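K.L.:
The structure's right below; bear with me while I get my questions together.
The values are calculated or read from the model by the stated rules, or taken from the named source; none is laboratory data. None of the values given here were measured: they were computed from a predicted structure. Backbone-built Cβ (ideal geometry, glycine too); neighbour counts: all protein chains shown.
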Amino acid sequence: MNHSKGFTLIELLVVIAIIGILSSVVLASLNSARVKGQDTAVKSQSAVLRSQAAIVYDNGSLSYGAMATGTCANSATCTFVGGTGIWADTTFKSAVQNLANSAPNNANNFAVYYGGTASEWGVAATLPSDKTKSWCVDHKGQSEQINTPTTAATFIGCP
């Protein structure tokens, strides 16, 4: 009787196939968690805007200042030329720029929409998990998911 110790080629291939299937399931779950984490980063960054706007409003002349509506895809495209109030505040502008950089897939239709008047303002950032949805914060204290604005010219605040 010849008994050899070890595994056959078929047994090894079956084990390798099982490990491959399990690893693909784990990697799919990790990718989902990563995108949810990016969504959370956008929401967290947006919360900073509301508190900073309130500080500027209270410290100023009870006005948010004047700013035309616009959009930016990264900090280099967020210029806010000629803005007053919150749009001239360096901390608020920096928070909007950080929001524009908070999703690593800026080239994939990520944008921050902003706009306002002396009495209202709003900022919406496209969610990395679904480009048709954005996270919106505004002067009314709202933080909510909205449909991504089709144009910056019509955006002032959350619906």
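K.L.:
Scanning for something in contact with a strand residue (DSSP E or B) (Cβ under 6 Å, 6 or more places away or on another chain), surrounded by 12 or more Cβ atoms within 10 Å (Cβ to Cβ), part of a helix (DSSP H, G or I) and not charged (D, E, K, R), does the stretch 36-45 turn up at least one residue? So that I can check it myself, show each step before the final result.
P.N.:
First, pick out the residues of the stretch 36-45 that are in contact with a strand residue (DSSP E or B) (Cβ under 6 Å, 6 or more places away or on another chain): 39, 42-43.
So of that shortlist, the ones also surrounded by 12 or more Cβ atoms within 10 Å (Cβ to Cβ) come out as 39, 42-43.
Narrowing further to those that are part of a helix (DSSP H, G or I): 39, 42-43.
If we keep only those that are not charged (D, E, K, R) as well, we get 42.
Among the residues of the stretch 36-45, at least one is in contact with a strand residue (DSSP E or B) (Cβ under 6 Å, 6 or more places away or on another chain), surrounded by 12 or more Cβ atoms within 10 Å (Cβ to Cβ), part of a helix (DSSP H, G or I) and not charged (D, E, K, R), which makes the answer yes.
K.L.:
Please work out if Y57 is surrounded by 14 or more Cβ atoms within 10 Å (Cβ to Cβ) and at pLDDT 85 or above.
P.N.:
Working: surrounded by 14 or more Cβ atoms within 10 Å (Cβ to Cβ): yes; at pLDDT 85 or above: yes.
Yes: the conditions hold for Y57.
K.L.:
Could you list, in sequence order, the residues of the stretch 1-39 that are among the charged types (D, E, K, R) and in contact with a Leu (Cβ under 9 Å, 6 or more places away or on another chain)?
P.N.:
If the condition is that a residue be among the charged types (D, E, K, R) and in contact with a Leu (Cβ under 9 Å, 6 or more places away or on another chain), then D39 is the only one that fits.
K.L.:
Okay, moving on. For the stretch 115-159, which fully contained strands (runs of 3 or more DSSP E) count at least 2 residues that are buried (at least 17 other Cβ atoms within 10 Å of the Cβ), among the aliphatic types (A, V, I, L, M) and in contact (Cβ under 8 Å) with a residue 40 or more places away in the chain? So that I can check it myself, show each step before the final result.
P.N.:
Working: elements: 121-127, 130-138, 143-147.
Here the list reads 121-127.
K.L.:
I would also like to ask the following. Would it be correct to say that V26 is surrounded by 14 or more Cβ atoms within 10 Å (Cβ to Cβ), part of a helix (DSSP H, G or I) and without any contact (Cβ under 8 Å) to a residue 40 or more places away in the chain?
P.N.:
Working: surrounded by 14 or more Cβ atoms within 10 Å (Cβ to Cβ): no; part of a helix (DSSP H, G or I): yes; without any contact (Cβ under 8 Å) to a residue 40 or more places away in the chain: yes.
In short, no.
K.L.:
Additional query: If you scan the stretch 65-99, which residues turn out to be closer than 26 Å to Q38 by Cβ, modelled with pLDDT under 80, among the small types (G, A, S) and not in a strand (DSSP E or B)?
P.N.:
Hits for the stretch 65-99 are A73, S75, A76.
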